[in-house]
Every structure is written in structure tokens, then in C-alpha cells.
Amino acid sequence: MTVGLNHYLVVSGLLFCIGLGGVLFRRNLLVIYMCIEMMLAAGSLALVAFSRFRGDLDGQVLALLVISVAAAEVAVGLALIVAVCRHGLKPTVDELTGMKL
Amino acid sequence: MPLISAAVITLFGLRRPGLAGALSVGAAAGVAVVSSLAYTGRPFGEPWQCSAGWLSVGELIVPVGLRFDPLSLTMSLIVAWVSLVIHVYSIGYMRGDRGFGRYFAGLSLFLFSMLLIVLAGNLVVLFIGWELVGVSSYLLIGFWYQRPAAADASKKAFLLNRLGDFGFLLGLLLVWSKTGTVDIGELEGRLAADPGLFGSLATGAGLLIFCGVLGKSAQFPLHVWLPDAMEGPTPVSALIHAATMVAAGVYLLCRVFFLLVLPGSAALELIAWVGALTALLAAVIATQQDDIKRILAYSTLSQLGYMVMAVGASSVSRPPVAAMYHLSTHACFKALLFLGAGSVICAVHHEQNIWRMGALGKKMPVTFVTFLIAALALAGVPPLSGFFSKESILASVLESNVGTRNALFAVAVAVAVLTGFYMTRLVAVAFFGPERTREAGQARESGMILTIPLVILAVPSAFAGFWGIDSAYSNQFNGVAVEHAGVVERIAAAFTHSPVATACGLGAAIAGIVAGLAVYWNAATDRLPEKLGPVAGLARNRFYFDELYAAVNGSTHELLSRFADGVDRWVISGVLVRGVHGSIELAGRLLRLTQTGNIQIHAVLLGAGVAVLLLIVLRH
């Protein structure tokens, strides 16, 4: 069986959905963060697959950019989590309801 | 001239009674002289017009036009002379009143407006004069404005007048839209050339203009303002409400007579019946009134109904000469009656109830004799003027083309009987009989300035039948002069001309007088209520028309205001204002539910939104 573009896209989609499910249903902040990373990885996978099957390098360059952005975002996000824990709160989403109207 | 007088008095003379009186009488005298000269100066029978450009809007060209034809010349002559007499009388009657200057300003304004109506060359100028006499009437009826009854009466008069004028204006617009002109001479010409111009609207046009007459001449059902108008000073009642303004309606009908006889117009029959109904209604009410001025007011109403009926009974071959004839003689003797009543009222210290007078005949001879002449003329006793004019009306009704003419004639004769009856009642109770109160006993003849006008007016009341007024009016309508000869021949001519009508009229007058004498000679109190019971009660209370109108007015007002209140409260305030507020608040609250503060809920919603968007985009 030849592995075509569709297979890569299906895998990417699955990864994305799993990540999404984790973001929506897990309570621990760190786990939510890891799932966000998973979603980003899924996006990068799709980009690289498109790049390979088109024969140019545009997707791969974009994937590199995604990775760098993800790294910056992790730094910020982890700092936020540390700040939350410093306040004495547990690292879960249950008590982070400051934006309630 | 009277306009200048009115303006000058208002600007300068309100505090100077002498000046006001002199100016006003001078203006009236000037008008009388000019109209007499105009009457004799021109070749009689040809209309003569003069006009100056005034209003030109698109296709509507309204010059300020005057028209001098036999109708207007004769009418203006009568108006001028009666007004002059009443102006002189007013100087005596209103002496010492604080509003002396204001009174004469109003009187001069009225004279100007009345002349404008009479001499108008086109319908718009006539309408202007029409409204102006309404204004003058308002000012003069409410002259003693501190009295609430007077203020109410003047308001009522003006409002009812306006109601009629609304119909008049509609009719005027209809005429203009169909014929393209408002000039009276041109109208006549165009309608003669093309009688079918109005088509089916002929009746409507005629009736709408008749609406104006309903208001101004106080026909049923707009008649309720005239008796209340007696709150004004007596000379005002004499001038405006007996001799001239109320007659303006009949004059208008004769002016636009060519409009009413268009083929296919049923206006005339309706007009005749409205007139007859008014005449009968007013005559019945008059038999049970106790205020001398009210009796005369209802008598005026009744006579106006007569005149309107006479117009309605006319046609192309028998023009409404009778109506104008009666108008002229009525102006003289009704004015005389009112002025005489004023003299009586002054003498008994402003008491107006006839049951508080009595035996005035001996004490006030001049007033009594002139009053008697006028009363007999009104009842239609030969050889006084009223006999001739009444006879001509009865004859024209009997010989008319109207289908129901016999019924109309019967009503007219009945009214003649009632006329004789109530006038006899008035004269017998006020002038004969015992002195009923102390004031009556102290009455003395009034001063000369009051009695000389009475005598002056008594002359035409008695003799106008011989002056050929009807021939003057005949000139207007078909250009044929009716020749008359000496005194005896005239009376005989009345009998040979139409024996049935004359006999009935005379018989009715005599029957009325005899009945009145029988009931009221030396009567101490009014014996009629016991004999007639409920009918007398109805008559005394004016058939409750005023109460009916007040109730209708009040209930409509109530209904409308409740409806408006409901709309205001429920629709505007409730639905619109609070509804908008509420719905926006509801939307806000619903949206607020989504902001839980829970990050994951937000994420869910975000994801759902993206999914929906994707669906929409991919579907397209």
C-alpha cells in the first residue's frame, strides 16, 4: 500500500482531535499545555506533508516558524503557571474563573 | 370706508367714546349715501364688475373683485340703511358702557365684512367676507366678555359657523376644480354654456355650499347658536342676527342659484325641506319662550327657514325673488322688533322676561306703536310689507316644481299660524295686561336717540310692499321687470296672482292672532303648559337640542381621549419604549450566560464556532 497525502492528513487530524479533547476535558494546567503542544505538532505535520507532496519547501519553512513560536509560547505559559502556583492555587482550571461576568 | 373706520377706532379710539361713535356712524352714513347713489346711477339690470389683481397661484387666479348687479346693489342698499339706523341707535343704547370704542370698532368691521360678502365678485372674496362676519359676530356677541354666558355663546356661534364654513370651502373647491374659475360672472357663463360640467357631483356641490348657509343662517341642525347669541347687546342682535349676517346665507344661495339648478341636481328639494323643518321647529319653540329676545331669536330662525324654503322651492323659470324680497322686508321689521325690545329692556331696568313686564303700551307709546307695526308685518297682515313678501313666498312654494310642494305649503301655513300666535303672545303679555312688577310700573318712554331709529325703520316695515323691491330682484334673474301700480291695485294683485296662497296666508295670520289673544289677553301666567302638557315642556326646553349636542360632543371627546390614552400608555410607552429596553436587556442576559469564566467552556464554544464557520464555508 502506497502512503499518500491523505494518510498523513488523517494522522494529523487525529492528533489534532486528541489534543483538542485534552484541552477541553483535562483539568490539570500542565496537561492542557501538553495537549496544546500536541495540536501545534499536528499542524506542523500537515504542513510538512503538504510540502513533501508539492515538491517545494514552503511548508517546511512554515513548520520551523511554528516550532519557534511554540517554544516562545511555552516559556510564557509556564511562567504563568508558576505565578498561579505562587499564589497558593492548585494548578487546575477549576478556580481560574476571574473572567466570569 | 367702514374698514378704515374700524382700523382707526382700534388704533386710537378705544378710550375716546365720542370719536369712536362719530367715526362709526360717519362711515355707516357714507356707505348709505354711496350705495344709494350707486343704486340710482347705473343702468339697472346690467352687471358691472371691477377687479384688481391679487392672488395668482398656478391656475387659480383670484382678483379682488366686486360685482354690482341688481342683487348686490339692492341688498347693499338695505344693509347700508339698516346699519346706519342701528349705528345711531347704538350711540344711545351703549352710552356709558366701558367698551364703547370697542363696540363701534366691531360694528364697523362687521359692516365692512357684510359689504364684502354682498359686493363680492368671486367666491373667494365672498368667503373672506363670510369668515370676517363670523369674526365680527364672535367679537360682538362676546362683547360683555366678563360674563361667562356671553363668552360661551360667542364661542359656540363661531364654532358652529366654522363647521358650516368647512362644507362651504369644500363646495368652493369642488366648483373651482370642475369649472376652473371662481368668478361669479364667469361661472354663470360657463355653466350656461355647458350644464353638464358637474355631472353627478352637481347635487354635492350645491349641498356643500348649502352647508355654509346651514352654519351662517342657523338652519337645522346648526341652529343652536342663534338663541344663545342673544347674550350680546341688543343692537348687535338687531344688526347681525336679524337683518344682515344671518341673511347672508340666503343671499349666498341666490348668488349661486345657477349652481343649484343644474340638471340632475337634487339639492333644491333638500334645501326646501331643511328650511321648512327649521321654520317649524323654531316657531314651536318660540311659543313657549319667556325671554323677549329669545322669542325674537327663534322668530328669526323661523323666518330664515322660510326664506331658505323659498329658495328651495324655486327653479329656473321661477327664480328666488320671493326669498330675497322677504329677506329685505324681514331686515326692516326684525331690526325694528329688536330695537324696540332694546328700548323696552332699557325702560324696565334690564329685565328681559316678558312675564315681568306689562301695560307698557300706555307708558311707552312710540315704542309700542312701532313694535306693533313690526309685529303685524311679521305676522303678515296687509297692507304692511310682510304681507306681500310672505304671500310671494307662499305662492312660490305652491307653484313650485318640487314634488312635495303641498306638504311644504302645509308646513309654511302652519308656521304662519304659529308666527301670529307667538307674536300676539309677546305683544299681549308685554304691552297689555296688568303691570306685573314694579319695574314695569315705572317704565317710561326712552329718549329720542332710541326712538327715532324706531320710527325710521317703521316706515319701510309698513310701506316696503309698495316700493317695487321684488321688481328690482326680478331684474337680476331673468331681466324682466314686474310692473306694479297703485296701492289698492297691489293688494288686489296679490289676491289675483295666487288666490289660494294669499287666502291661506291671511287666514293663518288671523287664526294665529286670534288664538294668541284668546289665550293671553290679560293673562296673569302662561296657561299653555297646563293645556298642552309635555309638548309645551319640549318647546320650552328647546327640544333639548343643546343637551343632545353637548352629550354627543362630550361622549365623542371622552371616547377619543380614552383611545389616545390607551395608545399612549400601551403602545408607545409599553411596546415601543419598554419593549425595546426589555428585549435588549434579555439579549444581554442570554449572552452573559456564556461568559462563565471557565476556560474550557470558552474553548468549547470557540471550537463550536469554528466548526460552524467551516461548515458554512465548505457548503458554499
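Numerical summary
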item: Yes/no for B:Leu559 being within 14 Å of another protein chain (Cβ to nearest Cβ) and at pLDDT 85 or above; result: no
item: The one condition in (1) surrounded by fewer than 16 Cβ atoms within 10 Å (Cβ to Cβ); (2) within 14 Å of chain B (Cβ to nearest Cβ); (3) in a helix (DSSP H, G or I) that A:Ile32 fails to fulfil; result: (1)
item: Filter result for B:Leu593 (at pLDDT 80 or above and either in contact with a Pro (Cβ under 7 Å, 6 or more places away or on another chain) or loosely packed, with under 10 Cβ neighbours inside 10 Å (or both)); result: yes
item: Hey, A:Leu62 within 14 Å of another protein chain (Cβ to nearest Cβ) and assigned to a helix (DSSP H, G or I) or not; result: no
item: Cross-chain or 6+ apart pairs with Cβ under 9 Å, the range B:335-360 first and closer than 26 Å to B:Ser83 by Cα and crowded, with 24+ Cβ neighbours inside 10 Å, then of a type in the set (D, E, K, R) and at pLDDT 80 or above; result: B:Phe338/B:Lys293; B:Ala341/B:Lys293; B:Gly342/B:Lys293
item: Residue list for the range A:83-101, restricted to those being more than 14 Å from chain B (Cβ to nearest Cβ), surrounded by 10 or more Cβ atoms within 10 Å (Cβ to Cβ) and not hydrophobic (A, V, I, L, M, F, W, C); result: A:Lys90
item: Criterion violated by A:Asp56 - all others in (1) without any contact (Cβ under 8 Å) to a residue 40 or more places away in the chain; (2) in a helix (DSSP H, G or I); (3) more than 14 Å from chain B (Cβ to nearest Cβ) satisfied; result: (2)
item: Test for B:Gly386: is it modelled with pLDDT under 75 and part of a helix (DSSP H, G or I); result: yes
item: Check on B:Gly101, assigned to a helix (DSSP H, G or I) and at pLDDT below 80; result: yes
item: In the range A:18-29, the residues that are within 9 Å of another protein chain (Cβ to nearest Cβ), in a helix (DSSP H, G or I) and surrounded by fewer than 18 Cβ atoms within 10 Å (Cβ to Cβ); result: A:Leu24, A:Phe25
item: Condition check for A:Leu80: away from chain B (no Cβ under 14 Å) and either loosely packed, with under 11 Cβ neighbours inside 10 Å or modelled with pLDDT of 85 or more (or both); result: no
item: B:Leu126 vs. criteria in contact with a strand residue (DSSP E or B) (Cβ under 9 Å, 6 or more places away or on another chain) and either surrounded by fewer than 24 Cβ atoms within 10 Å (Cβ to Cβ) or part of a helix (DSSP H, G or I) (or both); result: yes
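Residue-by-condition table, conditions (1) more than 14 Å from every other protein chain (Cβ to nearest Cβ); (2) free of Cβ contacts under 8 Å to residues at least 24 places away in the same chain; (3) farther than 30 Å from A:Ile36 by Cα:
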residue	(1), (2), (3)
B:Gly566	yes, yes, yes
B:Trp570	yes, yes, yes
B:Gly579	yes, yes, yes
B:Ile584	yes, yes, yes
B:Thr596	no, yes, no
B:Ile601	no, yes, no
B:Leu606	no, yes, no
B:Val612	yes, yes, no
B:Val617	yes, yes, no
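Here is a yes/no grid of residues against (1) of a type in the set (Phe, Trp, Tyr); (2) in contact with a helix residue (DSSP H, G or I) (Cβ under 7 Å, 6 or more places away or on another chain); (3) at pLDDT 70 or above; (4) outside any loop (DSSP other than H, G, I, E, B):
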{"position": "B:Gly196", "(1), (2), (3), (4)": "no, no, no, yes"}
{"position": "B:Leu201", "(1), (2), (3), (4)": "no, yes, no, yes"}
{"position": "B:Leu207", "(1), (2), (3), (4)": "no, yes, yes, yes"}
{"position": "B:Phe210", "(1), (2), (3), (4)": "yes, yes, yes, yes"}
{"position": "B:Gly215", "(1), (2), (3), (4)": "no, yes, yes, yes"}
{"position": "B:Phe220", "(1), (2), (3), (4)": "yes, yes, no, no"}
{"position": "B:Ala229", "(1), (2), (3), (4)": "no, yes, yes, yes"}
{"position": "B:His241", "(1), (2), (3), (4)": "no, yes, no, yes"}
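The values are calculated or read from the model by the stated rules, or taken from the named source; none is laboratory data. Because the structure is predicted, anything quoted here is derived from the model rather than measured. Heads up, the Cβs are rebuilt from the backbone with ideal geometry, glycines too, and the neighbour counts pull from every protein chain shown.
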